[in-house]
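Enquirer: I'd like to ask some things about the structure below.
The values are calculated or read from the model by the stated rules, or taken from the named source; none is laboratory data. On a predicted model such as this, the values are computed, not experimentally measured, just so you know. Cβ placement follows ideal geometry from the backbone for every residue including glycine, while neighbour counts extend to all protein chains displayed. Areas reflect the complete protein model, heavy atoms only, side chains present, ligands, DNA and RNA absent. Shrake-Rupley method; radii C 1.70, N 1.55, O 1.52, S 1.80 Å.
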Amino acid sequence: MLGHVLFHLLNKTVNIMPEQYCKLFKTLSPISRHELCDEKWGNDINLANGLHLVDYLYHEFREIIVPVFIDNEEAQDWDFPSFMKCFSFASHVCEDVSSFSLQKATALAFMKCFVYSLAWLMNHAYSNRGKNENQMQSLSLLNLNEVFLTVPSKLVNILHVSLMKILYWDFGLAVDDIADALKYFESKAEFEPFTLLLDSPMLRDLHMPLGPNPFVRTSESYITAELAWRNLVCRMKEEGSKYFRSIDNNALNCFFKNASQEEQVALISTIVSQVFFMKSGCHLSAAEQRAIEHVQELVCHLKKWDPLMIKCIAYLTTMIPGGKWWPSWNSFESCSLALNILITLALMPSNSPLRGYCMLNKSHLTAGCILTESENILDGVEGLGKYLIYTCSCSYAYIIGDCTKPVEVGICPSCGKKIGGVNYVAVPGNSVLRDLSDGCESLIGNISFSLRMQPLSYRILRVVVHYCFLLGIMMDGDTADLACILKSPNNIQNQVQVLMGSIGLDIELLDQLIGCPRDMTFQYLHSVLLKLADFPIKGPLCSPQQRDRWEIAFEKIIASQSPNESISEYLQCKQTDCLHDVLQERIPCSPDLLESSFRVTIKPCFSHYRAYFLQKKQLAFQFPCINAVLAHQDHLKELQFLSPLVEFSRELHHLIGNRITREEATSTCVQDILSNKGDLSGRYDAFEVSWNAIRHLVKGYECHQFIEPVPTMHKLQPIGLCLLERKDQGIYLTAILDFLRTRQNSFLEDIRAALLECAPGYDYKLFDAVNARNIQSVPVQDCKSGEIVYFDEKWASNLVRQFASCNSAYGKGTEVEYDDYHIEVEMQFRLIHRKSFLQGEYKEFPYQREVFQRHATLISDITEHVPQVLMPSNKVDTICNELALEGTGPWKLLATLELCLGVLHCMKAEPSELLRDYCERWLGRDIHPIMKKEAFDGIEVKHVVSLYESIEAIASSDVENIVAVCYRSDLDSGMHADIIQMMVRKNVWRSDEYRLSCSRNTGKISAEALRDVLRQFMFRYLTVETFNPDAELQMYLNDGGLLRWPICAEKLEADAGTMVGSPLHEDVLPNWICVKHTRAIYLILKEV
């Protein structure tokens, strides 16, 4: 189907579809997949499997084929005649109900995708209405009028319904939105194809402001009357053209002449529905106006027609928009209720009192008793004086005399709430109704209550009675008798105003009585009207007893159901066979019918599966992996960012470790590093995305809470942010990695606990208790991508689709059945198998010049493994002279020697091996050029420590300028004097007398030796915050693993080739000298 498009779809889908469907399709050769009409496609398959296959293909095809349908560029490449040929063939295959084959399943899936594409285009056009946008050109390419001419009529109706279902379920358009979309498409000529597709009788009969259309009936009489009215309007549309055909003496006239009372009422209902309710207040079209005039002229001479129906047709146009009485209605809902009352009265017996009120029949108005009229109970009470009538919120009435203001609180006998008030203020919900102490009493004035009826039934009956009077006035009835009843002037406009005011007040009180919003109050009144058509008691009501019996019978009808029950039954009745039932598939449908293949289904996904799983608590123990995944779902999504962070950080450690100083890391941006290391760019992009995706979740590291949020990563940020460390800028990366590793460990720990708990009854072969106990651990910096739990919701949704199917029953396609067992096994393999706990043992980035901050005892450790000797002083001088000639300074050579010391600590060497050869072997291109020159001849590995310390002494000449701030405390004058007294000057140190006195007993120490030791100590350890500033300095100076005191010049000259270092001077400094005083002491010694 669709040639290469279908072939592409099937080849892509077969590889991922569930096994039972995959076997079916793999029996077809690639050629037969390409040719839908091949005989092999016609092989029958099981109906249930066929429906599941249609669902699966539809959901998979939709992701691929729909973009082709709706994309202009791809659509332009299509050959429309070829498309039409394929479409016609597919529609023919779909219509065949004799069997179900692979051919039919694929054709149905394609047709559903096509309808979905049309729904997408409609929704797009409707959502962008009013905007100046170029509409999609796909409509001109796919000439929908021509396309659907090839579709059989039965399939067209199914596609109509399917289109509305997709708009309703997939695009979330409410029913009235779909109706509004149809109106919008009708108003735009360019959307004529959409109007063709969406136009449906069900949509035309759709509810408007009041919810369900109160005028629609499901009887055969209504259907006949509706068809007659539609035909009449169609004829009238042609009247102004040359094709006008006379309608005298035709079948329509026969219908009107022979219509029964039920058909007459049905015709009025149809007209009201079509020209008023469905038009939602719009004026009549010319054709509708001519049709009503024709009916008026025709029925006024027909004796068979009910007088009330004749009047209704004669005056209907005066009550709807554009008519004489339309401005008198308070609302569209009020007019709808009045017209529904009129139609209900037509079904009552001719001598019904309500019908008599509507006709303003004298016998009913002057019989002596009017429904809802009651005597004033205060009449005849002597000495009552002035009073006011108050009402409770339930409309119960009571009077307050004397001052007429409330001074005490009572209990309402109707609803039990408080009535009255205190301090002349009524309690909430109570208010003055009307001052009746003047003795003016009438049907309208007596609005408070009835002694015979409950408040609810009383208010409803008053609304109906007053609407009957109102309709009688609007249909030009004699109002003289009505004026006497209302005790008002015989003025039509005044009477209409009085009646509308009374109706409005009664409906307002009804709102309070039933506790519903206004729209539901009107629905309740419509529901009451449905029960009045067969009201048994006739009229006129000539005595109070007859009136009482009528009111009691009416009250029984009202009391038979609560308002909510009555409204619910009304809505259910009105929605039968309407669009709601169709869209929600409430009407049963046999599986072998074509409609079943177009039933509403959902594409199974992980979010739906999650809701299903969580509703069944017993599954949590049976399937522990699924349960853990659902519990950690949001956190597992974050783990996708761990691998890019680890890989880029690890690569940076390898490429620039020991090659950049902390200061350079702060001043060098990421872009500079990437420009020199081009192969890092790809990994950096993933690193940046991952960093920025997770940074807002990280609030601190261990006990340290960040004051400022983790900064945004971009190429202009300093490279130090990308270098892992537990302080300074590097702490952010450390915190992010620690945050993510905790996420993974928490998930795996829950999995392990669950597997151990259910191990005895656990029958899954992939994982058991032994495997759970033996989950390995690796440092987070060393983890591989396969050891990280990678959860992706798209993968999870694909997995669920592999083991899920929609219910094949019509109306239940949104119910999905899942194979939990296989989902559990697949999740175990993906999320647990070969995954590791991640340890938080971090290898911090090795900054240049900070080798001793990372490994304080590096020199002493190397000396133990590779014995060291002093290098001849002449060699040191030669190297220094060479460096001076090159003008490069000592720093680059010192960096090379730091790398060498680091390698030597891990990789042992023969002491006699030339240092040049050792560095070339292990450092490669990082070797300093001077090492290849003659100055390095004869320098062996055993000289590396001596050489390093010599170059270090040169590089650290201005060490006081790079010491960390925390180690820069000053000395007071007393401390300064004490330091001077402890020192021995250089010329005195050389004399034997003072050399002998320099013992721990005298407390004397060489100024030059202490200066050099302090310089070395500061250069190695105090350029960053390493040690506690308040710790005793003597403790570190005495640590042979950290420092070794220099040998005096004479001994150095005499003993060249001996072991490096000399005995330590212990307890030479007082305990008040702390590490923070190191720089201050050094400056004193430097001056001395």
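Enquirer: Between Phe89 and Ala1031, 0.36 nm times their residue separation minus their Cα-Cα distance comes to what?
Expert: 330.0 nm
Enquirer: Ok, one more. Please turn the phi angles of segment 607-616 into ³J(HN,Hα) values with the Karplus equation 6.51 cos²θ - 1.76 cosθ + 1.60 (θ = phi - 60°), one per residue in order, whole Hz, x for glycine and proline.
Expert: Ordered by residue, 3J(HN,Hα) equals 5, 5, 5, 4, 4, 4, 5, 5, 6, 10 Hz.
Enquirer: Okay, next question. Would you kindly derive the ³J(HN,Hα) couplings of segment 651-667 from the backbone phi angles with the Karplus curve 6.51 cos²θ - 1.76 cosθ + 1.60 (θ = phi - 60°), listing them in order in whole Hz, with x for Gly and Pro?
Expert: Each residue's phi maps through the Karplus curve to give 5, 5, 4, 6, 7, 10, x, 6, 10, 9, 8, 4, 5, 5, 5, 7, 9 Hz.
Enquirer: Can I ask one more? Loop-only check: which trypsin sites (Lys or Arg not before Pro) in segment 638-692 are DSSP coil with at most 15 other Cβ within 10 angstrom?
Expert: Arg659, Lys677
Enquirer: Accessible area per residue of segment 609-761 at 1.4 Å probe, in Å²?
Expert: Computed with neighbouring chains in place, this is 46 Å² per residue.
Enquirer: Something else about it: When the expected Rg is taken as 2.2 N^0.38 Å, what fraction or multiple of it is the alpha-carbon Rg of segment 798-845?
Expert: Ratio of Cα Rg to 2.2 N^0.38 Å: 1.98.
Enquirer: Counting only heavy atoms of the protein chains, get the accessible area per residue of segment 284-336 (1.4 Å probe) and round it to a whole Å² value. Please list the in-between numbers first.
Expert: On the way: 2300 Å² over 53 residues.
The answer is 43 Å² per residue.
Enquirer: Sticking with this structure for a sec: Considering only protein heavy atoms and a 1.4 Å probe, what is the carbon-and-sulfur percentage of the accessible area of segment 632-711? Don't skip to the end; give the middle numbers.
Expert: On the way: 1980 of 3940 Å².
Here it works out to 50 percent.
Enquirer: Next question. For Cys403 and Asp581, calculate 0.36 nm times their separation in residues minus their Cα-Cα distance, and state this gained length in nm to one decimal. All intermediate terms of the calculation are to be shown ahead of the outcome.
Expert: Details: separation 178, 0.36 × 178 = 64.08 nm, distance 6.02 nm.
Gain in length upon complete extension: 58.1 nm.
Enquirer: Follow-up question, since we're still on this one. Provide the gained length on full extension for the span Trp891 to Cys589, in nm with one decimal, where the gain is 0.36 nm per separating residue minus the Cα-Cα distance.
Expert: Length difference between fully extended and current span is 100.0 nm.
Enquirer: I would also like to ask the following. Just to be sure I understand the model, the point goes 7 Å from the Cα along the line to the Cβ. What's the resulting Leu227 to Asp917 distance in nm?
Expert: Each label point lies 7 Å from its Cα, and together they span 11.1 nm.
Enquirer: Right, something else. Counting only the heavy atoms of the protein chains, how much of Trp305 is accessible to a 1.4 Å probe, in Å² to the nearest 10?
Expert: We get 10 Å² for Trp305.
Enquirer: In addition: With a Förster radius of 41 Å, plug the Cβ-Cβ distance of Cys415 and Lys487 into 1/(1 + (r/R0)^6) and report the FRET value to the nearest 0.05.
Expert: Working: r = 31 Å, r/R0 = 0.75.
My answer for the efficiency is 0.85.
Enquirer: Still on this structure, I have one more. Sorted by average packing, counted as other Cβ atoms within 10 angstrom per residue and highest first, what order do 349-362, 871-884, 1009-1022 take?
Expert: 1009-1022, 349-362, 871-884
Enquirer: Right, something else. I'd like the distance between the alpha-carbon centres of segment 559-620 and segment 286-360, rounded to an integer number of Å.
Expert: 38
Enquirer: Here's another thing I want to ask about it. Starting at the first residue of segment 934-949, write each ³J(HN,Hα) from the Karplus equation 6.51 cos²θ - 1.76 cosθ + 1.60 with θ = phi - 60°, in whole Hz, x for Gly and Pro.
Expert: Values, residue by residue: 5, 4, 8, 4, x, 7, 10, 4, 5, 9, 5, 5, 4, 5, 4, 5 Hz.
Enquirer: Related question: Set the Förster radius R0 to 35 Å, insert the Cβ-Cβ distance between Asp478 and Ala553 as r into 1/(1 + (r/R0)^6), and round the FRET efficiency to 0.05.
Expert: Working: r = 29 Å, r/R0 = 0.82.
Plugging the Cβ-Cβ distance into 1/(1 + (r/R0)^6) gives 0.75.
Enquirer: Report the label-to-label distance for Asp861 and Thr712 in nanometres (one decimal), using points 7 Å from each Cα along the Cα→Cβ vector.
Expert: In this crude spin-label approximation the distance works out to 4.2 nm.
Enquirer: If you don't mind, another one. Starting from the amide H of Ser101, placed 1.01 Å from N in the peptide plane, find each other amide H under 5 Å away whose residue is 5 or more places distant or on another chain.
Expert: Ile45
Enquirer: As a quick test, which of the pairs Lys794/Lys835; Lys131/Lys812; Lys104/Lys165; Lys699/Lys794; Lys112/Lys183; Lys417/Lys538 have an alpha carbon distance above 27 angstrom in this structure?
Expert: Over 27 Å apart, Cα to Cα: Lys131/Lys812; Lys699/Lys794; Lys417/Lys538.
Enquirer: Can you give me the long-range amide H partners of Tyr387? Hydrogens built in the peptide plane at 1.01 Å from N, cutoff under 5 Å, separation of 5 or more residues or another chain.
Expert: Ser437
Enquirer: Moving on. Given a Förster radius of 22 Å and the C-beta distance between Asp1039 and Cys966 as r, what FRET efficiency does 1/(1 + (r/R0)^6) yield to the nearest 0.05?
Expert: 0.65
Enquirer: What translational diffusion coefficient, to the nearest whole µm²/s, does segment 889-957 have by Stokes-Einstein, given a Kirkwood radius computed over alpha-carbon pairs, a temperature of 37 °C and 0.692 mPa s viscosity? Numbers along the way, then the final one.
Expert: Details: Rh = 12.0 Å.
Taking Rh from Cα pairs, D becomes 273 µm²/s.
Enquirer: While we're on this one: Which Rg and Dmax, in Å, describe the Cα atoms of segment 583-631?
Expert: According to the Cα coordinates of segment 583-631, Rg and Dmax are 16.2, 43 Å.
Enquirer: If you don't mind, another one. In this model, which of Lys405/Lys531; Lys362/Lys556; Lys892/Lys942; Lys677/Lys843 are farther than 32 Å apart at the alpha-carbon?
Expert: Lys405/Lys531
Enquirer: In angstroms, what radius of gyration and Dmax does segment 318-377 have, counting Cα atoms only?
Expert: Rg and Dmax of segment 318-377, Cα atoms, are 14.3, 45 Å.
Enquirer: Of all the accessible heavy-atom surface of segment 778-915, with the other protein chains kept in place and a 1.4 Å probe, what percent is carbon and sulfur?
Expert: 51
Enquirer: Further, regarding this structure: Hey, what's segment 862-971 come to in accessible area per residue, 1.4 Å probe, Å²?
Expert: For segment 862-971, the solvent-accessible area averages 46 Å² per residue.
Enquirer: If amide H atoms are built 1.01 Å from N in the plane of the peptide, which residues on other chains or at least 5 residues away come under 5 Å of the amide H of Cys1074?
Expert: The answer is Leu1033.
Enquirer: Of the heavy-atom accessible surface of segment 453-606 (probe 1.4 angstrom), what whole percent is carbon and sulfur?
Expert: Result for segment 453-606: 54 percent of the exposed heavy-atom area is carbon or sulfur.
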